[in-house]
Structure formats: structure tokens, C-alpha cells
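One structure is given here, and the rest of the page talks about it.
The values are calculated or read from the model by the stated rules, or taken from the named source; none is laboratory data. Keep in mind the model is a prediction, meaning the values are calculated, not measured. Cβ atoms come from the backbone with ideal geometry, glycine included; neighbour counts cover every protein chain shown.
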Amino acid sequence: MLWWVIILAGASALGISAARGANAVWGTATLGVVGGLVLSVFYPGQFWLTLLRSIAIGALVGAAFEALARLSPRS
């Protein structure tokens, strides 16, 4: 159940950031794809679920990076 919440949150982060073009959310989601492909070698029976999980985690990390960038003072 928790993984589905994480996947939903990651998909929401990707959907919200889609209109802004290239940003940290899409960059870390792309790294999640690469990491998920590597991890799927070790979990061959769960390829798509592993890939979805890694994309969602990457998107959430990117959303955190975007939030931190907004909180920091611009100099």
C-alpha cells in the first residue's frame, strides 16, 4: 500500500512540473529510469514495478530539490 502512495505522489510531482519544462523533477526521474533498469537486473520478476518505484522516488527527490531551491534566498 505504501508503494502505491509513493508512486502516486511521484506521478503527481511529474504532472505538476510538466508545464515548466526541464527541471530537477524530470532530471531525477530520468536518473530513476536508469537506476530502475539496473535494479531490474537483480529483480527480474518485477521489472515494471521496480521501474515505477525508481521513477517515483526520483521524481520525489527532484520535487524536494525544487522546493529547496525556492526556499533558499537568491543572491
**Study point:** Criterion: surrounded by fewer than 18 Cβ atoms within 10 Å (Cβ to Cβ) and either touching a helix residue (DSSP H, G or I) at 6+ places or on another chain (Cβ under 7 Å) or modelled with pLDDT under 90 (or both) - qualifying residue of ILE16, ILE57
**Key:** ILE16
Revision key, fill the gap. Within region 22-36, the residues that are in contact (Cβ under 8 Å) with a residue 40 or more places away in the chain and part of a helix (DSSP H, G or I) are ALA24, VAL25
Exercise for review: Looking at (1) of a type in the set (A, V, I, L, M, F, W, C); (2) surrounded by fewer than 18 Cβ atoms within 10 Å (Cβ to Cβ); (3) touching a residue at least 12 places away in the same chain (Cβ under 8 Å), find the lone condition where PHE42 falls short.
Suggested key: (3)
Study note, to complete from the structure: Going through region 37-75 in order, the residues found to be assigned to a loop (DSSP other than H, G, I, E, B) and under 16 Å from ALA18 (Cβ atoms) are none
**Study point:** Selected residue (criterion: nearest to GLY10 (Cα to Cα)) from residues of region 45-75 that are touching a residue at least 24 places away in the same chain (Cβ under 8 Å) and charged (D, E, K, R)
**Key:** ARG53
